[in-house]
Amino acid sequence: MKLSGFVCTFFFTVAFSAAAIAADQAKTPPKNIPDFDVQGISMTECQCTAYGCPCRSNGHPDHGSCDAADFTYIKHGHYGKVDMTGFKAVLVGDLIDPDASKVHGTAYFDKNSTAEQQKAFNEMLSFMFGWNPPHIVGVKIVDIDFKVSPDKNTYTLTIPDVLEEKGVMKRGVDGKPEHVVPAMDLWGNKITYVDNVVFKYHDKGVGEWDLSGHQANVKEFHTTKSMYDQKKLLMQHGDMSGTWTAEQKKMIQDMGMKPE
């Protein structure tokens with residue numbers, strides 16, 4: 001299978017490398033891209049401690065590298081004239097590492113995604129992190145099955161014979177999700193930690209683990225180009241120092257939340 005270079009760039013960006021956030025901010029991502037407005041769901045599971053991912057609060061993994069799976073589903077939206085409705089993709093591998101040269105992963109596209117959508121998504125995310133070199137060990141076209149229960153408490157993600165994930169959200173007596181925290185994220189400024197019930201990965205010759213019980217989070221996002229243009233993302237103000245920067249603290253307070 002012949003795969004163009006944009007695939008690699010796209011999936012490295014999806015990985016949301018903590019090291020990438022610490023990149024030289026003087027390096028400017030490309031500006032000549034069309035307007036985009038996308039809405040959807042992202043789910044991330046990794047080997048960090050449950051309900052406590054330091055990468056989300058301006059730090060590096062306590063354990064060094066981080067085996068993880070990062071899933072993105074665009075329910076609807078557009079990138080320029082390209083309809084992004086239904087786009088799904090997962091990146092699996094060592095996605096966060098203080099040494100950016102070690103970040104790598106295998107990319108999995110849903111078989112229903114089009115080449116036009118893939119190219120559009122790559123350009124959109126290159127705008128977000130245009131200075132990051134890719135290190136993709138493989139790209140595969142697969143069935144990606146993602147489901148959310150009617151009560152929006154259970155999230156399941158499956159790539160047959162490769163990946164199995166299940167996250168369960170806790171809610172308070174008022175019905176609102178618990179464990180909503182400010183976070184550095186590609187799609188917005190909040191995540192909701194969930195119980196990592198299942199996180200199993202097996203791809204022969206690529207990697208294998210069972211990290212069930214470790215960190216998992218979900219977020220429903222509505223992300224636009226103007227958010228990046230106006231630097232409204234916490235991740236745009238990080239330095240990976242291990243604590244929130246002054247600008248981030250102010251943003252979190254303005255959100256009506258407390259720095260975790």
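What follows draws every value from the coordinates through simple rules; no lab data is involved. On a predicted model such as this, the values are computed, not experimentally measured, just so you know. Ideal geometry is used to build each Cβ from the backbone, glycine not excepted, and the neighbour counts take in all protein chains shown.
Peptide packing: for 141-153, 159-171, 182-194, the average count of neighbouring Cβ atoms within 10 Å per residue gives the ranking 182-194, 159-171, 141-153, highest mean first. With 28 Å as the limit, the listed pairs LYS75/LYS204; LYS152/LYS190; LYS219/LYS249; LYS81/LYS102; LYS170/LYS225; LYS88/LYS225 have LYS75/LYS204; LYS81/LYS102; LYS170/LYS225 beyond it between alpha carbons. The overall shape of the stretch 132-181, judged from the alpha-carbon gyration tensor, is oblate: a/c is not under 1.5, and a/b is no greater than b/c.
Each residue of the stretch 155-256 gets 157 Å³ once the volume of the Cα convex hull is shared out per residue. Share of pairwise Cα-Cα distances greater than 18 Å in the stretch 187-242 is 58 percent (whole percent). Extension gain, LYS232 to GLU220: 0.36 nm times the residue separation minus the Cα-Cα distance gives 2.6 nm. The length gained on full extension between HIS179 and GLN253, counted as 0.36 nm times the residue separation minus their Cα-Cα distance, comes to 24.9 nm. Rg then Dmax, both in Å and based on the Cα atoms of the stretch 80-123: 13.1, 37.
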